[in-house]
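The values are calculated or read from the model by the stated rules, or taken from the named source; none is laboratory data. Computed from a predicted structure; not experimentally measured. Surface areas here come from the heavy atoms of the whole protein model, side chains and all, with no ligands, DNA or RNA. Shrake-Rupley method; radii C 1.70, N 1.55, O 1.52, S 1.80 Å.
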Amino acid sequence: MFQLLIAFVSRVYAFFQRSMPTNILIRATHTRAGLKWGVPAMLLAVVYIVIAAALAQWVAGGAPGWINLLVLVCLLNALKFVVNGPITVVRLVRARAIERRYRDAGVTPREPLSVG
């Protein structure tokens, strides 16, 4: 029974990682070409916080209580973007340092550099 539960949860997690827009965007910012967009993508956190505040006001004004779940989803997405920004900055600095070492040594890497 426990093994079945773990298999179900892992499939749901994999589905969300592949199909949810925020996860797709965050995954795209972790590619070498997308690392430079990590900090600008942090601005989406502001949008999510504004949406969460508006939904919370709506609930306070008498909207159905299940909308609080949408507030939590918006806040979670905002947190993901806020945390993702500094991570991509660190990864970008590391990638550029590795590329600089290759360039200074006059070596052309045969495969793309991995950063993580």
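Tabulated data
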item	result
Solvent-accessible area, 1.4 Å probe, carbon plus sulfur percent, for the range 1-50	79 percent
Computed [θ] at 222 nm, helices only, for the chain once each DSSP H run of length n ≥ 4 contributes -39500 (n - 2.57)	-25500 deg cm²/dmol
The chain: projected area of the alpha-carbon convex hull, averaged over directions, in nm²	10.3 nm²
Angle in degrees between helix 43-60 and the longest Cα principal axis of the chain, rounded to the nearest 10	10 degrees
Contact order relative to length of the chain, as percent, for alpha carbon pairs under 8 angstrom and 6 or more apart	27 percent
Karplus 3J(HN,Hα) series, Hz, for the range 13-25 with 6.51 cos²θ - 1.76 cosθ + 1.60 (x for Gly, Pro)	4, 4, 4, 5, 5, 7, 10, 7, x, 5, 5, 5, 5
Solvent-accessible heavy-atom area per residue, rounded to whole Å², over the chain at 1.4 Å	74 Å²
